[in-house]
Amino acid sequence: MSSSDKQKQLIQEQILVCKAELIELQKTCCMSKRSEKMVGLIEEVEQLGATQLAQATIAPDDAADFIAQIEKVGSKLGILYATCCTPTREPIYAAMFKSLSKIHLRLLRLQHGR
């Protein structure tokens with residue numbers, strides 16, 4: 001397995017972690033309106049980098065698009081976190097933000113050929 005393939009695999013794994021945490025959050029949310037937002041966000045997480053990860057190499061513009069997707073998901077996640085009604089879900093949010101950060105770092109490695 002090439003270094004690039006390994007980075008892509010690790011990115012995919014973090015996407016799955018983020019998705020699993022988001023599903024857990026959605027299941028435990030007591031506010032149906034927020035839960036609906038989470039369903040849409042789950043779909044966005046599922047699509048994170050789908051186009052870019054399918055390519056043999058990730059061009060700089062494609063990497064920039066992927067980073068923009070990460071920023072968008074992180075922004076929406078931040079809104080949910082800032083308006084959460086209970087501190088018991090903080091570890092779930094922390095895990096998702098950590099996954100997004102790991103995705104970003106691995107994407108940078110891919111982008112710079114490491």
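All of the numbers you see were taken from the coordinates with simple rules; none came from a lab. None of these values were measured; they are calculated from a predicted model. A quick note on method: Cβ atoms are made from the backbone with ideal geometry, for glycine too, and the neighbour counts reach across all protein chains shown.
Values as computed for the structure displayed
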| read-out | value |
| --- | --- |
| CD proxy at 222 nm, helix term only [per DSSP H run n ≥ 4: -39500 (n - 2.57); per residue of the chain; nearest 500] | -27500 deg cm²/dmol |
| Axial C-alpha extent at least 24 Å, average Kyte-Doolittle at least -0.5 - helices from the chain (DSSP) | 3-28, 60-82, 90-111 |
| Dipole-positive endmost among LEU100, GLN111, GLY49 within the stretch 7-114 (Cβ charges, Cα centre) | LEU100 |
| Listed pairs LYS8/LYS33; LYS27/LYS76; LYS6/LYS76 exceeding 24 Å between Cα atoms | LYS8/LYS33; LYS6/LYS76 |
| Which label in (1) 21.1, 68; (2) 14.6, 45; (3) 14.1, 48 gives the computed Rg and Dmax of the Cα atoms in Å | (2) |
